[in-house]
Amino acid sequence: MFSPDSFRTARWIRTINLVLQAVLFLTLFSGLNYLSRNHSWRFDLTARQRYSLSPETKSYLLNLQRPVQIVATFTGDSENATAAQAYRDLSGLLREYSYIAENNPSGKIGVKFIDVYQQRREADQLGIDEPNVILLICGDQRQRLLISDLYVAKDQHEFKEFRGEQAITAAILSVSNPSRKKIYFLTGHGELRTDDVDPTRGLSALSAELKMRNYDIEYLQLSTARTVPADADLVIAAAPQGRYDSFEQEQLREYLNKREGRLILMLSPGVPHGLDDLLYDWGVMVDDVVIYDTDPNSFADNGDLIIRNLAPHPITQTLIDYKIPLRLGLCRSVRPDPGRSRGSGLDVVTLAATSTTAWGEVSYRQRQMPEYNRGVDLKGLPNMPPANRLGVVVASERVQVRNNLPFSVRTGQLVVIGTDDIVANYRIASPGNQNLFLNAVNWAIDRDIQLNIPTRPIERFQLSLSQAELMNLRYSLVFALPIAAALLGLFVYWSRRN
C-alpha cells in the first residue's frame, strides 16, 4: 500500500496530473477548433464593408444548383501594378464566395490562384495560356473575365471603382444557368429603347444592369408578331407614347391570364395607353392626372418628386431597410381599383405612395399654377391603404388554389409604375429607382432576393511629409521608441524591487 508521503506516490500523482493536464489541453484545443469550424462568427469592421458580399450575391450562392470552379491567374508579386492590385482585391473577395457557398452542398464554389508560368501543366489542363484572367468553369460551360471587367476606369491609367463582385456574380449565373431568362421590351408606340443612349429617352444603362444579372433582352412588336413569344419570361412596356390597339391589348391579356405571364408597365402622365380593360382585369386604376405636392420635404430643388412612403414587399424591402427614397419626374396616380371583386384571387398592393398633402391635378393641361380644388382634383382615400395618399407604383398578382393543394400558386403578375422615366439613363443612377425596378424584374421572374450590388470605391492614402517632418519621424523611430521601452522596463524593475 502506498503511503501518501512516499516518493513513489508523489511521482504517480505528478504523472497523473501531467496526463490530465495534457488531456484537458487537447480537449480544449479540439473543442475550440470544433466551435471555430462549425459555429464561427465573422464581422466586417471596414468602413465600406469591403470584405462582405451583397445580399443579392449571398442569395444566389445559397440557391446555386451546380458547383462552380473559379481559377484566377493573378499573382501577388506581379511586376504589373494593376495586376498586383487586382490580386489584392480578388483574394479576399473570392474567399468570401467560397465561404458563403460552403453551406450549399449542391453549389459549392472552388477557388484557385495559379501562376501560368510556374504551373504550366495545370494551366494547360484548364486551357489557360495567359496571366491576369479569371476563368469560371461549371460542367462544359466556361466564361473568362479580364481586368477591364473588374474595374470602373477614371482614365487609362487609374481605376476609380472595383466592380469585381458584380462581374463575378454575373459570370457565376451565366455558367451555372446556361438557359437565361428572356425579357421582351415592347416597341411600335414610341417606347423607350434599351439601345438608346439618350439621357432622357434611353435605357442603355438599364440594359447593362439586366445583362449583368444574366437576362437576355429582345424587342417585341405585337402588331407584327401577332402574339407574345412562348419563351417570354417577362414583358415590359416602357413609356408608350400612343395607344395600344384592341388586338395588342388582347394579346397582353391572354399572356397574363391564360399563360401566367409577367408584365411591367411604365405609363407616362398625360399619354393615353389603351390598356384600360387589361388594368380592370387586374384590379388597377391609372388616373389621368399629374401629381403635385405642397410639402417641401416631398420634392427636390429641381422639382423632382421624392417618394418615401413604401409598403413592405419583396420589391421595396431593400429601400425600406436602407431608407432609400424614390426620385421621380412627373407622375400619374396608380391605385388599386376600389370596386374590384374581392373573390377574384387578386392581391393588389400599393408599393409606393405620396405624402398626405399631395393631390392629382385634373386640369394639368391648362397653363396655370396648380392648385388643389376640392371635389375636382384627386386625393387619397382615408379607407384605402395607404390612407390619404396617392399611389405611384402598384403590384398585382392573381393567386389561386390549384389541384386542391393546401397552398396558393401565383398565376400571373403585373407591376404598374405611374411615370415614364424612373429608369431612364439620367435617373437610374438614383439608388432607389434602380433598386425598385430591378427588384420588380426579379420578383416578376421569381427571383425574390435582395438585388443591389454596389461598386466598391478604391481608397488611396498618400502621406506627404516635409524634409523636417521626415527627419523628426526618423529620430522618433530610432531613439524615442527604444528609450520609452527602456524607461518602462526600469519602472517595472523598480516596482518589483519595492
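Summary of computed values
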{"item": "Residues (free of Cβ contacts under 8 Å to residues at least 40 places away in the same chain and surrounded by fewer than 19 Cβ atoms within 10 Å (Cβ to Cβ)) located in region 223-250", "result": "223, 224, 225, 226, 227, 230, 245, 246, 247, 250"}
{"item": "Close pairs (9 angstrom Cβ cut-off, 6 or more residues apart or separate chains): charged (D, E, K, R) in region 22-38, in a helix (DSSP H, G or I) anywhere", "result": "none"}
{"item": "Answer from 480, 429, 484, 440 - the residue that is among the small types (Gly, Ala, Ser), at pLDDT below 90, out of contact with any Pro (no Cβ under 8 Å at 6 or more places or on another chain) and surrounded by 12 or more Cβ atoms within 10 Å (Cβ to Cβ)", "result": "480"}
{"item": "Some residue of region 258-277 being within 29 Å of the chain's Cα centre (by Cα), within 26 Å of residue 424 (Cβ to Cβ) and of a type in the set (D, E, K, R)", "result": "yes"}
{"item": "Qualifying residue in region 260-278 (condition: farther than 19 Å from residue 441 by Cβ and of a type in the set (Lys, Arg))", "result": "no"}
{"item": "Near pairs, Cβ below 7 angstrom, 6+ apart or cross-chain, from region 95-124 (in the same structural domain as residue 59 (by TED's automatic domain parsing) and under 19 Å from residue 177 (Cα atoms)) to any residue that is of a type in the set (Lys, Arg) and in a loop (DSSP other than H, G, I, E, B)", "result": "101/108; 107/66"}
{"item": "Residues of region 177-204 that turn out to be buried (at least 19 other Cβ atoms within 10 Å of the Cβ), under 19 Å from the mean Cα position of the chain (by Cα) and either small (Gly, Ala, Ser) or in a strand (DSSP E or B) (or both), as a count", "result": "2"}
{"item": "Test result for residue 85, buried (at least 16 other Cβ atoms within 10 Å of the Cβ), among the polar types (S, T, N, Q) and either more than 23 Å from the chain's Cα centre (by Cα) or not in a loop (DSSP other than H, G, I, E, B) (or both)", "result": "yes"}
{"item": "Pairs, first in the same structural domain as residue 265 (by TED's automatic domain parsing) and among the aromatic types (Phe, Trp, Tyr) in region 186-201, second at pLDDT 95 or above and not in a loop (DSSP other than H, G, I, E, B), C-beta under 9 Å, six or more apart", "result": "none"}
{"item": "Hits in region 83-100 (condition: at pLDDT 85 or above and touching a helix residue (DSSP H, G or I) at 6+ places or on another chain (Cβ under 8 Å))", "result": "90, 93, 94, 97"}
{"item": "Pairs, first within 14 Å of residue 337 (Cβ to Cβ) in region 376-388, second assigned to a strand (DSSP E or B) and among the aromatic types (Phe, Trp, Tyr), C-beta under 6 Å, six or more apart", "result": "none"}
{"item": "Residue list for region 101-110, filter: under 19 Å from residue 37 (Cα atoms) and in contact with a helix residue (DSSP H, G or I) (Cβ under 9 Å, 6 or more places away or on another chain)", "result": "101, 103, 104, 108, 109, 110"}
{"item": "Residue list for region 381-417, restricted to those being of a type outside the set (A, V, I, L, M, F, W, C), at pLDDT 90 or above and either in contact with a Pro (Cβ under 7 Å, 6 or more places away or on another chain) or not in a loop (DSSP other than H, G, I, E, B) (or both)", "result": "388, 391, 396, 397, 413"}
{"item": "Members of region 359-373 found to be in a loop (DSSP other than H, G, I, E, B), of a type in the set (A, V, I, L, M, F, W, C) and either under 10 Å from residue 290 (Cα atoms) or not assigned by TED's automatic domain parsing to the domain that holds residue 290 (or both), listed by number", "result": "362"}
{"item": "Selection count, region 288-314, where residues are in a loop (DSSP other than H, G, I, E, B) and within 24 Å of residue 378 (Cβ to Cβ)", "result": "11"}
{"item": "Region 254-265, residues that are in contact with a Phe, Trp or Tyr (Cβ under 9 Å, 6 or more places away or on another chain) and without any contact (Cβ under 8 Å) to a residue 60 or more places away in the chain", "result": "none"}
{"item": "Residue within region 114-122 that is closer than 18 Å to residue 172 by Cβ, surrounded by 15 or more Cβ atoms within 10 Å (Cβ to Cβ) and in contact with a strand residue (DSSP E or B) (Cβ under 8 Å, 6 or more places away or on another chain) present", "result": "no"}
{"item": "Check on residue 219, in a strand (DSSP E or B) and among the aromatic types (Phe, Trp, Tyr)", "result": "yes"}
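The values are calculated or read from the model by the stated rules, or taken from the named source; none is laboratory data. Keep in mind that what you see is a predicted model, and the values were worked out from it rather than measured. Using ideal geometry, Cβ is built from the backbone for each residue, glycine included, and neighbour counts are taken over all protein chains shown.
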